[in-house]
1. Would you list, by chain and number, the lysines whose Cα falls below 17 Å from the Cα of Lys42, excluding same-chain residues fewer than 8 positions away?
2. Against the longest alpha carbon principal axis of the chain, how many degrees, from 0 to 90 and to the nearest 10, is the axis of helix 21-34 turned?
3. What is the spin-label model distance, in nm, from Ala43 to Asp71 if the labels are put 7 Å beyond Cα along the C-beta direction?
4. Summing +1 for each Lys or Arg and -1 for each Asp or Glu, what net charge is found among the other residues whose Cβ lies under 15 Å from the Cβ of Ala79?
5. In degrees, nearest 10, range 0 to 90: what is the angle between the Cα axis of helix 41-54 and the longest Cα principal axis of the chain?
6. Assuming R0 = 25 Å, can you tell me the calculated FRET efficiency for the pair Asp93 and Asp50, based on Cβ-Cβ distance, to the nearest 0.05?
7. Which FRET efficiency value, to the nearest 0.05, do you get for Ser8 and Gln60 by plugging their Cβ-Cβ distance into 1/(1 + (r/R0)^6) with R0 = 30 Å?
8. Defining a contact as two alpha carbons under 8 Å apart and six or more residues distant in sequence, what relative contact order in percent does the chain show?
Amino acid sequence: MNFKKALSRQAVTLDLQGTTKAAVIEELVDLLDQAGKLRDRKAALKAVLDREKKMSTGMQSGIAIPHGKTDSVDARVAAVGLKKDGLDFDSMDEEPST
C-alpha cells in the first residue's frame with residue numbers, strides 16, 4: 001500500500017477524542033468522509049467495525065490498525081489518529097494503543 005497516495009492531510013488528527021474502540025474508529029472514518037474519500041460513510045464504518053469484531057486490530061507497542069474492505073471507496077484510503085492517553089484496543093501486548 002502506498003501511504004502517500006492513500007493518506008491526505010484532512011485524514012490525520014493528533015487528538016482523537018473517543019473513549020472506546022468503536023468511537024475512535026468512527027472518528028477515523030469521519031475524517032475520511034470529511035476529506036471526501038468515501039461514497040458511503042455508513043458502509044465504510046460497518047466494514048471496519050465488522051472486521052474489528054472478527055479479531056482485534058490492536059497490535060503491540062501502542063499501534064492499532066483498524067481496517068476493512070468496502071466498495072464505498074474508489075481506491076485505498078487511510079486515516080491516522082493519535083490518542084495521547086491510549087485506549088484499550090485488545091492489543092497483543094495488552095498495552096493501550098495510542
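No value in this document is a laboratory result; all are computed from the given coordinates. The shown structure was predicted, so the numbers you read here are calculated from the model rather than taken from an experiment. Cβ coordinates were reconstructed from backbone atoms using ideal geometry, including for glycine residues, and neighbour counts include every protein chain displayed.
1. Lys21, Lys53, Lys69
2. So the helix axis and the longest Cα principal axis differ by about 30 degrees.
3. 0.6 nm
4. The answer is +3.
5. Helix 41-54 sits roughly 30 degrees off the main axis of the chain.
6. Working from the Cβ atoms, E equals 0.55.
7. In this case the efficiency is close to 0.65.
8. 35 percent
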